[in-house]
Amino acid sequence: MQTLGLLADSGRYGLATDLYQLTMAAAYWENGMGRETATFELFVRRLPANRGYLLTAGLEQAVEYLQGLRFDGPSIDYLRALPHFASVSDSFWEYLRGFRFQGDLDAVPEGTIAFPNEPLLQVRAPLIEAQMVETFLLTAFNHQTLIASKASRVVDAARGKGVVEFGARRAHGFDAALFGARAAVIAGCVGTSNVLAGQQLGIDVYGTAAHSFTMAFEDEREAFRAFQRVFPSHSILLIDTYDTLEGARRVASLGQEIRGVRLDSGDILSLSREVRQILDEAGLRQAVIVASGDLNEDSISRLEEESAPIDLYGVGTEMITSRDAPALSGVYKLVAVDTEGRHRAVRKLSPEKSTYPDAKQLFRATGPDGRFTGDTLALKDETLPGEALLAPVLRAGELAAPLPSLGAIRERARAQREALPEAVRRREAPEAYPVSISEGLARLMEQMKQTPPGG
C-alpha cells in the first residue's frame with residue numbers, strides 16, 4: 001500500500017472532503033437515516049475531446065483512504081466550531097469519533113480500459129459512510145485516470161520507444177506530480193524524473209542536468225567534462241544551451257564514452273539527424289539521443305513518422321496536466337437505497353445528467369482475435385456473456401484480496417490497450433466503442449417511468 005502523498009496523517013482524512021458531504025452526513029444523522037444502506041457508483045459522463053477510451057487508475061489510493069478514514073480530535077473541534085453545525089447534536093460528533101468505513105467496494109481493476117457511463121467503482125455502505133467518501137474517491141479517480149489516459153496516447157505515439165514522465169515542475173501541486181507519475185507508469189512510461197515517486201512507488205528515475213549547470217561553467221566543454229567525471233556511466237549531456245550542433249561536437253571531442261545527449265529545443269527532427277551523424281562519426285554509436293521540450297502525442301507521432309533517430313522521449317507539461325483536456329467528468333451517484341429490507345432503485349433525471357438506476361455489473365465481450373467487441377451495462381444480479389469487470393475489493397471495510405503490484409497493473413494496461421480495436425485506439429478521430437444496456441436494466445428503467453420519483 002502506498003502513502004497518500006502529502007496527506008500523511010490518517011486522522012485528517014475526514015477533512016479531505018467538501019463541506020456538503022459533512023452537512024449531509026449530519027442531516028442524515030439528525031433525521032434518523034444512519035441505518036439505511038446506500039449504493040453509489042462512480043463513472044465518467046463523457047470522454048475528453050479526441051479520445052476513444054479511458055485507462056483507469058487511482059484505485060489503490062482510494063482503498064488506502066477508505067481503510068484509513070478517521071476524524072481525530074482537532075478535526076472534530078474544527079468542525080464543531082463552524083457556524084453551519086451550531087444545531088447539530090453531540091451524538092453526531094461522538095459518531096464521528098468512532099467513524100470507520102465498514103462498507104463494501106467493488107471496482108474494475110486498475111489498468112482497465114473504460115468508456116462513458118460505465119461504473120469504475122461501486123460503494124455499498126451505510127448511507128453516511130457511502131456519502132462521506134465521494135469527494136476523495138472522485139479526486140483519486142478523476143486525476144489518475146485523466147493522466148493515465150493521456151499518457152497512454154503518448155506511449156502509443158512513441159511506437160515502442162521509451163517515454164519518461166518529466167512533469168513534476170508543471171504539475172498542479174506535488175501530490176499531483178506524485179500520483180501523475182504513478183498514472184503515467186501504469187500507462188506504459190518507463191520511468192519518471194520525480195525522485196519521491198521513485199522512492200515511494202518503486203518507479204525507475206531518470207535525469208540529466210539543466211541548462212544552468214552548463215551556464216555555471218565558463219566553458220561548455222568543461223561543464224560536460226565535470227558532469228562526466230562524476231557520472232561516468234549515466235551522463236546524458238544537455239547540448240542545446242548555446243548551439244546544439246556545436247554542443248554535439250564538443251561532446252564528441254571529449255574522447256570518452258558517454259551515455260547520451262539531450263535535445264530540448266529547436267527543430268528536433270533535423271537536429272536529431274545531424275547530432276546522430278556527429279556522434280556516429282566520432283565513434284559514439286552507442287550514445288542515445290533523448291528529446292524533450294513541450295512534446296506531446298502529436299509532435300512525437302510526427303517525429304516517428306519521419307523516422308527521427310531519437311531513442312527516448314521526455315514528456316512533461318503536456319502529460320502531467322493533460323494539457324489539451326485538463327479535466328475529467330467523473331461523477332459519483334446514488335443508484336439504490338435499502339431500508340429495513342425494502343430495496344429502492346433510484347436515478348437522476350436532470351437534463352444531460354440523467355443516470356442509470358440500481359447496482360450494476362459491466363460485461364465485456366471479446367472476439368476470436370482477442371479484441372474487445374462491445375460492453376453491456378447490466379443489473380448486478382444478471383449474468384451475461386463476456387467478462388464481468390466489477391470485482392470485490394473491500395468487504396466490510398477489509399480487503400477481499402491483495403491489491404496488485406504497480407508492475408502487474410502496468411502489464412494489465414498494456415494487454416488492455418492491445419485488445420482495443422484499432423479504430424477506437426487511434427490518436428485522431430477515434431470511432432465510438434459500442435456500449436449497450438441489458439434487457440433487465442432497460443426493463444427497470446421503463447418500469448420507473450411509470451412511477452416517476454420526486455414526490
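Details
- Shape category assigned to the range 399-442 from the gyration tensor of Cα positions, a/c cut at 1.5: oblate
- Quarter of the Cα convex hull surface for the range 83-173, i.e. its orientation-mean projected area (nm²): 9.8
- Part-to-part distance (alpha-carbon centres) for the range 21-93 and the range 411-455, which is given in Å: 27
- Cross-link reach list, aspartates and glutamates versus residue 150, counting only Cα pairs under 12 Å and skipping chain neighbours closer than eight places: 165, 297, 298, 318, 324
- Label sites at residue 285 and residue 222, each approximated as a point 7 angstrom past Cα along Cα to Cβ, lie 3.5 nm apart.
- Nearest-0.05 FRET efficiency for residue 401 and residue 302, computed from C-beta distance (R0 51 Å): 0.70
- Pairwise FRET efficiency - residue 329 versus residue 27, Cβ, R0 = 35 Å, nearest 0.05: 0.85
- The residue 435 and residue 97 beta-carbon pair, evaluated with R₀ = 35 Å, returns a calculated FRET efficiency of approximately 0.20.
- Gain in span if fully extended, residue 174 to residue 89, counting 0.36 nm per residue against the direct Cα distance: 26.8 nm
- Surface share of carbon and sulfur [accessible, 1.4 angstrom probe, percent] for the chain: 50
- Filtered GluC sites (Glu not before Pro), the range 238-345: DSSP coil and at most 14 other beta carbons within 10 Å: 257, 306, 340
- Put a plus charge on the Cβ of each Lys and Arg, a minus charge on the Cβ of each Asp and Glu, and nothing anywhere else: the dipole of the chain about its Cα centre is then about 480 debye.
- Net charge of neighbours whose Cβ lies under 15 Å from the Cβ of residue 348, counting Lys and Arg as +1 and Asp and Glu as -1: +3
- Site pair residue 211 and residue 354 shows an inter-label distance of 5.5 nm when each label is modelled 7 Å from Cα along Cα→Cβ.
- The range 236-306-the range 313-346 distance, computed between alpha-carbon centres (Å): 41
- Partners for residue 360 among lysines (Cα-Cα distance below 21 Å; same-chain residues under 8 apart left out): 333, 348, 380, 449
- Which of 53, 144, 399, positive extreme of dipole for the chain (C-beta unit charges): 399
- Translational D in µm²/s for the chain (Stokes-Einstein at 37 °C, 0.692 mPa s, Kirkwood Rh from C-alpha pairs): 135
- Length gained on full extension, residue 135 to residue 423: 100.2 nm, using 0.36 nm per residue less the C-alpha separation.
- Rolling a 1.4 Å probe over the protein heavy atoms gives the range 131-223 an accessible area of 37 Å² per residue.
- Where the range 283-396 is the region considered: accessible area per residue in Å², 1.4 Å probe: 46
- Unit charges at the beta carbon, dipole of the chain: most positive-side option, 164, 365, 287: 365
The values are calculated or read from the model by the stated rules, or taken from the named source; none is laboratory data. All figures in this text were calculated on a predicted structure; none of them were measured in a lab. In this analysis, Cβ positions are derived from the backbone assuming ideal geometry, glycine residues included, and neighbour counts consider all displayed protein chains. These accessible areas exclude ligands, DNA and RNA; they are computed on the full protein's heavy atoms, side chains included. Shrake-Rupley method; radii C 1.70, N 1.55, O 1.52, S 1.80 Å.
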